[in-house]
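Here the structure is laid out as structure tokens; the discussion comes afterwards.
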Amino acid sequence: MQSFEQVKEVMQRDYKEHNFCTVVAIACAFNWSAGKAHRLMKKHGRPHRKGPKWYCFKEAVEAAGKKAGREVKFTHQFDGLTINRVRKECPTGTYIIGVRGHALCLKDGEFMDWTADTAGRRKVIGYMSGGGVAIIN
């Protein structure tokens, strides 16, 4: 398992990537290496140096859940839910939070993302949850 900082460094240094928030979110949520998450996202249609389409990301998260042996459920009830509110209401567990144009991982109350200090008021646009891993998209 790589930490958020290690995944970020590998993606920038070894893969020469940009716009890889979905890769980092999957790697951190499922305790995978950057390479494994990168290959999965590529397989599900993520273009090099660009973010994937929403449906590609959703499919990739479902596939990651199957590989990790964890159930992933999708919920679409947010009603103005913000990232900070998710953090307060869900202090334990693992979440992938999707906001407009970005995805990040929240793991046991800690954001695994480079926008952790500034993204708190952003509105959640989708949400996936599951057994040992709860993923908010």
Residue check for residue 104: surrounded by 11 or more Cβ atoms within 10 Å (Cβ to Cβ), closer than 23 Å to residue 35 by Cα and either in contact (Cβ under 8 Å) with a residue 24 or more places away in the chain or under 13 Å from the mean Cα position of the chain (by Cα) (or both):
yes
Enumerated helices (runs of 4 or more DSSP H) restricted to the stretch 1-54, each holding at least 2 residues that are among the β-branched types (Val, Ile, Thr) and either on the phi < 0 side of the Ramachandran plot or within 14 Å of the chain's Cα centre (by Cα) (or both)
4-13, 21-30
Restricting attention to the stretch 94-137, which residues are modelled with pLDDT under 70, outside any strand (DSSP E or B) and over 18 Å from residue 2 (Cβ atoms)?
119, 130, 131, 132, 134, 135, 136, 137
Looking for something in contact with a helix residue (DSSP H, G or I) (Cβ under 6 Å, 6 or more places away or on another chain), crowded, with 18+ Cβ neighbours inside 10 Å, among the hydrophobic types (A, V, I, L, M, F, W, C) and outside any helix (DSSP H, G or I) - is there at least one such residue anywhere in the stretch 69-77?
yes
I need the full set of residues from the stretch 33-47 which are touching a helix residue (DSSP H, G or I) at 6+ places or on another chain (Cβ under 8 Å) and open to solvent by 20 Å² or more (accessible area, probe 1.4 Å), in order please.
33, 36, 38, 43, 44, 45
Scan 4, 20 and give me the residue that is under 15 Å from residue 96 (Cα atoms), of a type in the set (Phe, Trp, Tyr) and modelled with pLDDT of 90 or more.
20
All but one of (1) closer than 21 Å to residue 6 by Cα; (2) surrounded by fewer than 20 Cβ atoms within 10 Å (Cβ to Cβ); (3) modelled with pLDDT of 80 or more; (4) of a type in the set (S, T, N, Q) hold for residue 82; which doesn't?
(1)
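The values are calculated or read from the model by the stated rules, or taken from the named source; none is laboratory data. Note that the structure is a prediction, hence the values are computed from the model and not measured. Cβ coordinates were reconstructed from backbone atoms using ideal geometry, including for glycine residues, and neighbour counts include every protein chain displayed. For the accessible areas, the whole protein counts, side chains as well, though only heavy atoms, and no ligand, DNA or RNA atoms are used. Shrake-Rupley method; radii C 1.70, N 1.55, O 1.52, S 1.80 Å.
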